[in-house]
Amino acid sequence: MVPLKVLFGQESFRDGVDLDGDQFFDRLRQASKLPTTSAPSPGDFAAVYERLAGDGEGVISIHIGGQLSGTVEAARVGAQAVEGLRVHVIDSRSTTMTIAFLCLVAAQSASLAEAVQRVEARIPKQRIIALLDTLRYIEMGGRISRAQAMIGTMLDLKPVLGVADGEIKALDRVRTRSRAIPRIIELLRDDYPLEHVAVMHAQAPEEAQRILEEIGPELKRDGVEVATGQIGAVLGTHTGPRALGFAYLTR
Amino acid sequence: MKLALLGSLNWLAANQEEVNRLNVFPVPDGDTGTNMLLTLQSAVEDIKDSSASDVGRIARIAAHGSLMGARGNSGVILSQIFRGFAKAVEGKTELGPAEVAAAFEEAANAAYRAVLKPTEGTILTVARAAGRAATAAAAEPRATVTSVIKAASEGARRAVEKTPSQLQILRDAGVVDAGGFGLQVMLEGMLKSVEEPDAAQQGGEGLRAQPAVAQAALELPEEGWGYCTEFLIAGEGLDVDRIRSEIAALGDSVLVVGEPELVKVHVHTDDPPRVIGLAGSFGRLEKLNVGDMSTQHRRILEEAQPNGSGSPPAQRQRANNVGLAAVASGSGLVDIFKGLGVDAIVQGGQTMNPSTGDLVAAVDGLPYDEVILLPNNKNVVLAAQEVDKLAQKKVHLVETHTMPQGIAAVIAFNADKPAAANAQLMERAAQQVQTIEVTRAVRDSRSNGRRVKKGDVIAMVNDRLDTAGSDYAVVVADALQNLGPDKYELVTVYRGAEAGDAEVDALSASLHERFPTLEVEVQAGGQDHYPFIVSVE
């Protein structure tokens with residue numbers, strides 16, 4: 001794991017190393033200015049690749065989509081700095097738990113070549129659906145505008161966003177949170193059958209649990225175990241607190 | 001034919017306010033007279049500019065002009081009356097008594113066909129009665145065109161008198177039908193012009209003198225619009241009722257609300273200095289604003305053109321190639337619609353109904369092949385229904401009757417789905433919202449079995465008078481109680497231009513207290529006439 005960084009003013013934290021999700025949202029509540037995020041440096045990658053050299057036939061290095069972050073570029077530059085190691089850098093065109101699912105697919109492969117081939121086959125099958133409590137955070141990071149989301153500044157609308165094929169898109173906008181939750185479940189069900197799925201949340205464990213209880217049984221019947229994931233510092237910088245959603249691979 | 005139309009325009013202009021006053025609900029949207037007049041004016045304007053001299057062509061030009069200028073439901077029905085008349089006289093160079101009578105009959109038929117569920121006791125009934133009386137008169141041995149028009153006009157008058165016996169709401173309100181009366185006035189004006197063509201200004205010289213007549217006629221409504229004058233009176237122990245009655249003598253569309261320390265005044269008047277002088281005798285004037293309403297009218301037309309001055313051209317092409325156009329008024333509501341992605345806003349609504357032509361211009365100005373149109377007012381729905389036939393774009397109408405319905409519809413819009421699927425989604429979303437519109441009664445009346453006094457706070461729930469009282473907070477909470485608050489979770493209050501901070505605070509406090517489970521959001525709507533529009537969903 002090569003962590004991205006989150007910056008509160010001059011202070012820099014490695015996501016999941018120096019700051020977990022709860023600590024991050026505590027800090028966010030008290031911050032006078034919104035944090036920003038940054039990709040790891042090529043040096044960060046080179047250091048990790050150096051450590052892995054000699055451990056196997058090569059490295060498959062899977063990262064946040066190039067349209068969303070500079071991470072994959074840093075990884076490519078870092079890989080060139082390491083001599084005598086095959087590093088296969090993959091632009092996942094997605095983010096968060098779907099990358100974990102791709103890692104799982106890679107880990108279950110018999111060879112580097114098979115891992116690369118199986119992971120690449122699943123890249124177009126990744127989806128994320130996110131219900132945000134406000135568009136404020138993702139808008140600050142420049143990932144989507146209010147005009148693109150067709151969400152004005154006046155009404156307190158709940159945006160439902162999706163990530164597919166590397167791009168963030170507005171899927172829907174709903175007047176209240178209680179109506180938005182059934183809506184994201186409906187959007188998920190439209191994409192059945194699934195191969196892997198995780199319910200993600202930022203400081204909304206009870207709602208995530210209720211969603212899990214609703215979709216868990218039907219997915220289990222279909223042979224899919226539902227994971228849960230907490231939204232960490234870097235993703236949380238863009239979603240803000242109380243985000244809820246799904247990261248999944250369609251079958 | 002030209003003289004007859006000018007005669008009806010003149011006479012309707014003179015009686016516009018009388019028609020406006022015949023409003024079934026005591027809400028400040030009585031503008032049937034204005035809507036019919038503007039529609040008729042649009043019909044006559046095109047004739048004035050045309051050299052056509054045969055009856056068939058004149059009638060066709062009038063029909064087209066009235067359709068483009070149609071405003072409000074009465075205006076749209078009037079345009080259909082013209083259409084029927086024009087169809088009946090197609091190809092004719094002159095009309096005898098029988099042709100005139102047949103054209104009146106066909107005019108009424110066309111009007112009936114235009115309405116999905118024709119209601120008796122309205123302009124439709126009056127048009128039919130006029131046609132039948134005309135046919136009977138034409139069958140008389142010595143019938144003339146004049147005798148036929150006279151019979152039509154009298155038939156209309158008798159039918160108007162009977163409208164309260166046909167419609168409960170008219171009976172309750174103690175009025176005759178406004179649209180029907182407007183048609184009666186037009187027929188009377190027509191009769192005057194054929195009975196005494198010389199009496200009407202310099203009309204005696206026939207066609208040559210007509211431009212002068214037309215000019216005189218067309219200037220009338222502009223005077224009638226006058227100046228929209230608004231200000232606050234600050235003082236001590238101000239008598240709101242006395243101020244209201246004194247201001248009312250100097251203009252119309254009068255709205256005077258407030259407290260002993262601060263009174264807000266809104267009036268349409270021809271003489272702003274006199275109003276200001278009078279108001280100055282009560283206290284100190286603040287936030288004085290005088291607007292020329294004929295300029296406002298022109299601005300409405302300009303704003304309807306998305307590429308005209310004022311609004312920037314739409315830049316983004318949506319994936320589904322579907323644009324959104326909506327009718328809205330009130331700065332806050334306009335901003336909300338724009339923020340939600342509406343590409344063209346046509347100014348208007350409760351009291352200033354945009355014409356079919358305004359809507360067509362807005363729709364055709366958008367860089368999309370299909371457009372979803374939201375009228376957001378029940379008085380705009382009929383004009384909006386005509387837009388698809390006249391516009392170059394394919395138009396999908398989502399028949400929203402209120403601003404909250406329009407907002408719910410826009411929120412349901414999905415830029416990845418085709419227009420027809422969106423229209424369905426939006427229609428469904430609009431129907432899930434309940435609307436409470438709150439204003440003050442403009443006169444005493446009975447409606448929906450309820451007695452209302454002039455100046456009372458009244459709440460219309462989904463266009464029906466629901467609750468009346470003296471206090472905004474109580475009336476809104478009562479109306480919400482009647483809706484059954486258990487079924488809903490969110491109340492959005494759109495605050496109008498006339499709502500004061502204290503009234504807003506009292507209203508939210510009352511809603512929080514009586515309905516603790518409901519979420520309450522207050523938004524600046526900025527709409528006139530309605531201090532509060534409340535969306536319940």
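Just so it is clear, none of the values below were taken in a lab; they were calculated from the coordinates. Just so you know, these numbers come straight off a predicted model, no measurement behind them. When we count neighbours, we look across all protein chains shown, and the Cβ atoms used for this are built from the backbone with ideal geometry, even at glycine.
Annotations
- Rounded to 5, percent antiparallel among DSSP beta bridges of the stretch A:1-93: 55 percent
- Computed Kirkwood radius, in angstrom, where 1/r is averaged over Cα pairs of the stretch B:2-223: 17.1 Å
- Angle in degrees between helix B:419-431 and the longest Cα principal axis of chain B, rounded to the nearest 10: 60 degrees
- Counting other Cβ atoms within 10 Å as a rough exposure proxy, the listed residues A:VAL77, B:VAL267 run A:VAL77, B:VAL267 from fewest neighbours to most.
- Calculated diffusion of the stretch B:434-536, Stokes-Einstein form, Kirkwood radius summed over Cα pairs, 20 °C and 1.002 mPa s, µm²/s: 160 µm²/s
- Exposure proxy for A:SER94, B:SER42: other Cβ atoms within 10 Å of each Cβ, ordered fewest to most, give B:SER42, A:SER94.
- The lysines whose alpha-carbon is closer than 16 Å to the alpha-carbon of B:LYS192, local same-chain residues fewer than 8 away aside, are B:LYS2, B:LYS150.
- Shielding by partners for peptide A:146-154, expressed as the average number of C-beta atoms from other protein chains within 10 Å of each residue's C-beta, is 6.
- Highest GNM mean-square fluctuation among A:ARG221, A:ARG93, A:ARG146, for chain A modelled with Cα contacts below 10 Å: A:ARG221.
- Highest mobility in the GNM of chain A, judged by mean-square fluctuation with C-alpha springs under 10 Å and restricted to A:GLY43, A:GLY229, A:GLY66, is found for A:GLY43.
- Normalised convex hull volume, the stretch A:180-251, alpha-carbon set, Å³ per residue: 80 Å³
- Shape analysis of the stretch B:313-431 yields a ratio of the Cα radius of gyration to the Kirkwood radius, Rg/Rh, of 0.91.
- Shape parameters for the protein assembly as shown, alpha-carbon atoms, Rg then Dmax in Å: 33.0, 117
- Close amide H pairs (under 5 Å, H built 1.01 Å from N) link A:ILE90 with A:SER61, A:ILE62, A:HIS63, residues at least 5 positions away or on another chain.
- Convex hull volume of the C-alpha atoms in the stretch B:49-175, normalised per residue: 110 Å³.
- For the stretch B:338-494, size of Cβ-based charge dipole, Lys and Arg +1, Asp and Glu -1, in debye: 540 debye
- Listing B:ARG157, A:ARG118, B:ARG242 from fewest to most neighbouring C-beta atoms within 10 Å gives B:ARG242, A:ARG118, B:ARG157.
- When you restrict to C-alpha pairs under 8 Å that are six or more residues apart and normalise by the size of chain B, the relative contact order lands at 12 percent.
- 5 Å binning of all Cα-Cα separations within the stretch B:338-406, expressed as whole percents from 0 upward: 4, 20, 30, 29, 15, 3, 0
- The base-10 log of I(q)/I(0) for chain B, evaluated at q = 0.05, 0.12 Å⁻¹, reads -0.21, -1.18 [Debye formula, identical scatterers on Cα atoms, solvent excluded].
- Counting only aspartates and glutamates at least 8 places from B:LYS87 when in the same chain, those with an alpha carbon closer than 17 Å to its own are B:ASP54, B:GLU99, B:GLU105, B:GLU106.
- Shielding by partners, peptide B:329-339 (average Cβ within 10 angstrom, other chains): 2
- Which listed pairs, of A:LYS169/B:LYS393; B:LYS453/B:LYS487; B:LYS264/B:LYS453; B:LYS393/B:LYS417; A:LYS158/B:LYS487, have C-alpha distances above 25 Å, in listed order: A:LYS169/B:LYS393; B:LYS453/B:LYS487
- Pair-distance profile P(r), taking every C-alpha pair of the stretch A:132-232, with 10 angstrom steps and integer %: 13, 44, 34, 8, 0
- Axis angle, to the nearest 10 degrees, between helix B:501-514 and the longest C-alpha principal axis of chain B: 70 degrees.
- The separation of the stretch B:75-152 from the stretch B:458-537, counted between C-alpha centres, amounts to 46 Å.
- Protection proxy ranking, peptides B:371-377, B:270-276, B:428-434, average beta carbon neighbours within 10 Å, highest first: B:371-377, B:428-434, B:270-276
- Taking every DSSP helix (H) stretch of at least 4 residues in the protein assembly as shown, weighting each as -39,500 (n - 2.57) and dividing the sum by the residue count yields a mean residue ellipticity at 222 nm of -14500 deg cm²/dmol.
- For peptide B:487-494, the mean count of partner chain Cβ atoms within 10 Å of a residue's Cβ comes to 2.
- Angle in degrees between helix B:32-48 and the longest Cα principal axis of chain B, rounded to the nearest 10: 50 degrees
- Relative contact order (%) - criterion: Cα under 8 Å, at least six apart; region: chain A: 21 percent
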